[in-house]
Amino acid sequence: MAKAAETHPSARELAILRELERKVLWLATWTIHHANHVRENVDGVKVGGHQASSASLATIMTALYFRALRAQDRVAVKPHASPIYHAIQYLLGRQSRQKLEDFRGYKGAQSYPSRSKDGDDVDFSTGSVGLGVAQTLFASLMQDYVHAHGWGLQQPEGRMIALVGDAELDEGNIFEAILEGWKQGLRNCWWIIDYNRQSLDAVIREGLWERYEALFKAFGWDVVILKYGALLQQAFREKGGERLRQWIDNCPNQLYSALVFQGGAAWRRRLLDEIGDQGDVTRLIEARSDEELARLMTNLAGHDLPSLLEAFGKVDHDRPICFICYTIKGFGLPFAGHKDNHAGLMTPAQAESLRAAMNIRPGHEWDKFEGLSIASAELERFLDRVPFAAGRRRHQAPRIEVPADLSVSIQPVMSTQAGFGALLNELGRGKTEIAARIVTTSPDVTVSTNLGPWVNRRGLFAREALADTFRSERIPSTFNWDFSPKGQHIELGIAEMNLFILLSALGLSHAINGERLIPIGTLYDPFIQRGLDALNYACYQDARFILVATPSGITLAPEGGAHQSIATPLIGIAQDGLAAFEPAFVDELAVILAFAFDYIQRDAEAEASERNWLRDETGGSVYLRLSTRPIEQIKRAMTPELRQAIVDGAYWQRAPGPNCQVVVAYTGAVVPEAIQAVGLMAEDRRDVGLLAVTSADRLNAGWTAAQRARERGLVHARSHIEKLLADVPSHCGIVSVIDGHPATLGWLGSVHGHRVRALGVEHFGQTGSVPDLYRHYGIDANAIVAAAAALTPGRPIRHLKALP
Ligand SMILES: Cc1ncc(C[n+]2csc(CCOP(=O)(O)OP(=O)(O)O)c2C)c(N)n1
Ligand SMILES: [Mg+2]
């Protein structure tokens with residue numbers, strides 16, 4: 001049970017926090033101003049405003065970072081509050097002045113908080129709105145998982161906190177996460193909504209807070225509404241105050257924003273017009289100068305430190321909480337409240353008047369304590385004792401030993417998906433460290449992606465045990481669905497976004513909790529696209545996981561249409577931070593999975609290896625595109641050379657002879673067609689080669705890197721694919737084939753200038769049998785032969801049938 005933070009701040013502490021709040025607002029505003037008006041802006045492009053959006057959170061973040069947060073808490077900061085975040089870190093001595101001066105510039109502080117690109121201890125990246133919010137929810141589940149398994153108990157439980165824009169809540173993935181959080185018994189999660197009632201373009205709808213309140217409560221969250229600051233609360237207690245409160249409560253968002261922008265005189269006119277009574281209310285208004293009236297009317301709780309500190313400090317439980325904090329976008333700045341302020345930048349003249357108001361002398365804009373009325377030494381002492389900054393926040397975890405060989409009994413005919421199930425089943429049987437650290441998860445496709453046998457052995461995870469009633473009732477079932485705190489499979493609802501964000505959370509456990517997990521997520525390959533932005537997000541954060549996508553392609557024949565993935569191999573190539581593989585045989589898969597266990601744990605800062613020109617030392621996540629198609633397996637010894645080639649991305653299954661006219665290069669489940677085509681051509685084309693491509697992604701990356709190295713003078717740089725194709729005669733044609741977009745392998749011809757005919761799938765699939773569809777899309781043996789015949793001169797190929 002979480003304990004309430006200690007007592008109220010003393011008057012002195014509050015005075016210091018108020019000074020810091022001013023300073024944070026100044027530094028953030030100046031950072032953006034400097035990037036636009038002071039730093040030499042070579043291309044004349046404005047580097048982004050967001051002064052208004054930042055100012056909205058200045059008070060809340062001051063309250064959090066300088067008092068309410070503890071070192072074990074983790075925060076996702078709304079993207080446009082990045083300057084506020086960096087300013088706070090600067091004051092805490094964790095961000096350099098140079099980085100602030102270079103904000104949004106080359107290698108400067110990032111526009112949006114970035115775990116991987118910023119040096120000042122960003123917990124979770126944000127930028128694509130909605131994702132960072134959900135990340136905190138899943139990070140909290142991850143923390144529960146780690147602790148329930150008896151790991152990391154020396155560390156106190158942290159709160160996972162998101163600072164959320166009100167318009168950010170339009171993102172559907174947030175609601176998917178809330179639902180999942182409810183199912184999983186979410187704890188220790190705070191979402192603090194910056195309810196400034198403005199989005200990027202406009203002012204938001206009336207009464208949204210009521211919808212949020214009902215919604216969060218429906219899913220078991222506490223809701224705390226922070227609306228009025230201390231000044232307003234005091235005014236409400238005066239005579240006529242109740243009338244003022246009613247007026248504010250009924251005031252439309254648009255009008256409130258407009259009046260905030262217009263200032264004291266406008267407030268006065270409007271209030272007197274609408275509720276002036278020549279009595280109490282009029283007196284309440286007239287007792288204040290324009291300036292005081294403006295300060296009163298903008299004294300919303302989200303800009304009132306005592307209200308915020310009290311609300312955060314008095315939490316004494318671990319239930320999830322949604323704080324709805326009323327704020328003003330651009331608070332304290334000249335465009336406060338204006339609906340066009342999102343990208344608004346202060347003019348140099350406005351910046352000068354802010355400088356004057358803040359007592360900042362020219363040339364001292366970056367001085368930490370410039371213009372403050374409390375002595376620097378006292379402020380320094382305070383900052384040195386800030387609980388958030390005490391101790392280590394980013395952890396490391398030792399490497400988990402990975403066996404060189406993963407054992408699996410390979411059936412004569414077997415699909416890669418079945419192979420995956422068998423490999424995990426074998427792992428589940430043993431008592432190895434790697435098996436203990438594996439955590440699997442799947443969005444309602446656990447059984448259909450072949451995780452069933454693993455789950456039978458290792459059980460499902462839940463903080464509280466829940467027996468499988470079918471089992472206790474002795475009803476025969478293939479699957480044991482018992483939940484316990486020791487279970488190793490996290491069963492998710494169908495939402496793929498949640499899968500990727502959970503993988504993102506599990507895949508950061510080593511850094512967040514100092515405990516390494518080996519996360520494996522499974523889903524149907526086409527639905528990668530449903531969660532693609534979240535996958536991209538997970539990779540950007542450098543989370544480490546293995547993604548197993550199966551089934552894939554039109555090989556999923558009878559399912560038809562948009563169930564059949566086409567573009568995913570290209571995603572595998574293009575997605576940074578993700579090494580994509582598509583093995584054809586189960587022995588290849590075993591090699592790749594063992595590699596993946598190791599690869600996701602690597603984090604060295606090494607240059608690309610001269611062997612294959614891949615940045616293998618830095619590691620990354622892994623994507624395996626698998627298939628349900630049963631394939632006749634090859635009986636062969638796994639030599640070290642073959643193992644290496646499979647990991648590097650390709651090997652000759654049949655090396656081309658010296659007079660080779662055609663090479664067939666295949667990936668994945670179409671291997672029987674490729675082999676058959678080579679056989680059909682053998683009599684009429686000489687020395688046909690058969691190239692097995694296990695990773696178009698890694699081949700392509702190595703090739704690109706080797707070219708770049710040569711262009712920089714490393715003339716001997718050679719990538720794996722360049723070496724493989726080096727002896728293929730230049731007149732030889734390459735027919736490539738994949739159950740996916742043909743561009744995946746189409747680039748092979750550019751390596752040494754061979755002509756290529758790239759076969760694959762470009763259009764939405766049909767239902768049908770595998771042979772029907774392979775014929776229809778032209779990736780069957782006959783189509784491969786026809787492509788070879790068209791590409792390479794020579795006598796007609798006897799076994800070629802007319803194409804349909
Ligand atoms: C997925 C995604 N879509 C669009 C954007 C562009 N965008 C950035 S902030 C924003 C809206 C900001 O509104 P709100 O969340 O209320 O924050 P505020 O600006 O009020 O602080 C939009 C549409 C984005 N960053 N991510
Ligand atoms: Mg907003």
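The values are calculated or read from the model by the stated rules, or taken from the named source; none is laboratory data. Bear in mind the structure is a predicted one, so any value in this text is a computation, not a measurement. Don't worry about glycine lacking a Cβ; one is built from the backbone with ideal geometry, like all the others, and counts go over all protein chains shown. Accessible surface is based on the protein model in full, side chains and every heavy atom, while ligands, DNA and RNA are left aside. Shrake-Rupley method; radii C 1.70, N 1.55, O 1.52, S 1.80 Å.
When residues of the stretch 379-403 are filtered for being outside any helix (DSSP H, G or I) and open to solvent by less than 80 Å² (accessible area, probe 1.4 Å), how many remain?
Taking the stretch 379-403 first, the residues outside any helix (DSSP H, G or I) are 385-386, 390-403.
Remaining after also requiring open to solvent by less than 80 Å² (accessible area, probe 1.4 Å): 386, 390-391, 393, 395, 397, 400, 402-403.
Selection size over the stretch 379-403: 9.
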- Query: Does the stretch 616-639 contain any residue that is in contact with a Leu (Cβ under 9 Å, 6 or more places away or on another chain), surrounded by fewer than 24 Cβ atoms within 10 Å (Cβ to Cβ), of a type in the set (Phe, Trp, Tyr) and farther than 24 Å from residue 678 by Cβ?
  - Reply: no
- Note on the structure: Note on residue 745: of the conditions (1) in contact (Cβ under 8 Å) with a residue 40 or more places away in the chain; (2) over 22 Å from residue 779 (Cβ atoms), unmet is (2)
- Restricting the stretch 518-541 to residues that are open to solvent by less than 10 Å² (accessible area, probe 1.4 Å) and among the aliphatic types (A, V, I, L, M), the one nearest to residue 115 (Cα to Cα) turns out to be 538
- Task: Considering only the stretch 643-692, state which residues are assigned to a strand (DSSP E or B) and in contact (Cβ under 8 Å) with a residue 60 or more places away in the chain.
- Result: 650, 651, 652, 662, 663, 664, 665, 666, 667, 692
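Name every residue in the stretch 84-113 that is within 17 Å of residue 303 (Cα to Cα) and either more than 15 Å from ligand 1 (Cβ to nearest atom) or open to solvent by 10 Å² or more (accessible area, probe 1.4 Å) (or both), in order of residue number. Spell out the reasoning first.
From the stretch 84-113, those within 17 Å of residue 303 (Cα to Cα) are 84-85, 88; that's our starting set.
88, the sole residue that qualifies.
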- Message: Can you find, within the stretch 564-602, the residue that is surrounded by the fewest Cβ atoms within 10 Å (Cβ to Cβ) among those that are free of Cβ contacts under 8 Å to residues at least 60 places away in the same chain and assigned to a loop (DSSP other than H, G, I, E, B)?
- Response: 576
- Evaluation of residue 240 against (1) within 25 Å of the chain's Cα centre (by Cα); (2) open to solvent by less than 30 Å² (accessible area, probe 1.4 Å); (3) away from ligand 2 (no atom under 15 Å from the Cβ) (one fails), failing number: (1)
- Message: Can you report the number of residues in the stretch 361-399 which are under 19 Å from residue 24 (Cβ atoms) and of a type in the set (S, T, N, Q)?
- Response: 2
- Message: If a residue must be among the acidic types (Asp, Glu), closer than 14 Å to residue 661 by Cα and not in a loop (DSSP other than H, G, I, E, B), how many such residues does the stretch 708-765 contain?
- Response: 0
- Note on the structure: Pairs returned, first residue in the stretch 309-336 that is among the basic types (Lys, Arg), second residue that is open to solvent by 20 Å² or more (accessible area, probe 1.4 Å), beta-carbon separation under 7 angstrom, 6 or more apart or interchain, are 314/4; 319/187; 319/222
- Checklist (1) under 28 Å from the mean Cα position of the chain (by Cα); (2) buried (at least 20 other Cβ atoms within 10 Å of the Cβ) applied to residue 677, failing item: (1)
- Item | Of residues in the stretch 207-223 being in contact with a helix residue (DSSP H, G or I) (Cβ under 6 Å, 6 or more places away or on another chain) and either within 12 Å of ligand 1 (Cβ to nearest atom) or open to solvent by 40 Å² or more (accessible area, probe 1.4 Å) (or both), the one farthest from residue 318 (Cα to Cα) | 219
- Filter the stretch 55-73 down to residues that are surrounded by 23 or more Cβ atoms within 10 Å (Cβ to Cβ) and outside any helix (DSSP H, G or I) and give me whichever is nearest to ligand 2 (Cβ to nearest atom). 56
- Since residue 156 meets every condition but one in (1) more than 12 Å from ligand 1 (Cβ to nearest atom); (2) open to solvent by 50 Å² or more (accessible area, probe 1.4 Å); (3) under 30 Å from residue 342 (Cα atoms), which condition does it not meet? (3)
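Mind checking whether some residue in the stretch 379-395 is without any contact (Cβ under 8 Å) to a residue 40 or more places away in the chain and over 33 Å from the mean Cα position of the chain (by Cα)?
Step one: list which residues in the stretch 379-395 are without any contact (Cβ under 8 Å) to a residue 40 or more places away in the chain, which gives 380-381, 384-385.
Going one step further and asking which of them are over 33 Å from the mean Cα position of the chain (by Cα), we end up with 380-381.
Scanning the stretch 379-395, I find at least one residue that is without any contact (Cβ under 8 Å) to a residue 40 or more places away in the chain and over 33 Å from the mean Cα position of the chain (by Cα), so the answer is yes.
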- Task: Those residues that are assigned to a helix (DSSP H, G or I) and either of a type in the set (Lys, Arg) or open to solvent by 10 Å² or more (accessible area, probe 1.4 Å) (or both), I need them from the stretch 289-308; list them, please.
- Result: 290, 291, 292, 294, 295, 303, 306, 307
- Message: Please go through the stretch 499-558 and give me each residue that is over 25 Å from residue 583 (Cβ atoms) and more than 12 Å from the chain's Cα centre (by Cα), ordered by number.
- Response: 509, 510, 511, 512, 513, 514, 515, 516
- Query: Quick check: is even one residue across the stretch 179-198 within 13 Å of ligand 2 (Cβ to nearest atom), in a loop (DSSP other than H, G, I, E, B) and either at positive phi or charged (D, E, K, R) (or both)?
  - Reply: yes
- Restricting attention to the stretch 74-111, which residues are aromatic (Phe, Trp, Tyr) and part of a helix (DSSP H, G or I)? 85, 90
- Do you know which of the residues in the stretch 166-178 that are open to solvent by 10 Å² or more (accessible area, probe 1.4 Å) and within 16 Å of ligand 2 (Cβ to nearest atom) is nearest to residue 339 (Cα to Cα)? 167
- Keeping to the stretch 121-153, report how many residues are open to solvent by 10 Å² or more (accessible area, probe 1.4 Å), in a helix (DSSP H, G or I) and within 16 Å of ligand 1 (Cβ to nearest atom). 0
- Any idea which residue in the stretch 656-672 is modelled with the highest pLDDT, counting only those that are open to solvent by 20 Å² or more (accessible area, probe 1.4 Å) and out of contact with any His (no Cβ under 9 Å at 6 or more places or on another chain)? 672
- Select from the stretch 347-378 the residues that are in contact with a Lys or Arg (Cβ under 9 Å, 6 or more places away or on another chain), open to solvent by 50 Å² or more (accessible area, probe 1.4 Å) and touching a residue at least 60 places away in the same chain (Cβ under 8 Å) and list them in ascending order. 368
- Going through (1) open to solvent by 20 Å² or more (accessible area, probe 1.4 Å); (2) over 15 Å from residue 91 (Cβ atoms); (3) at pLDDT 95 or above one by one, residue 41 fails only at (3)
- Message: Which condition from (1) away from ligand 1 (no atom under 16 Å from the Cβ); (2) under 20 Å from residue 326 (Cβ atoms); (3) open to solvent by 40 Å² or more (accessible area, probe 1.4 Å); (4) under 27 Å from the mean Cα position of the chain (by Cα) is the one that residue 200 breaks?
- Response: (1)
- Which residue out of 749, 778 is surrounded by fewer than 20 Cβ atoms within 10 Å (Cβ to Cβ) and on the phi > 0 side of the Ramachandran plot? 778
- Task: Scan (1) within 18 Å of residue 63 (Cα to Cα); (2) open to solvent by 10 Å² or more (accessible area, probe 1.4 Å); (3) of a type outside the set (D, E, K, R) for the single condition residue 81 breaks and write down its number.
- Result: (2)
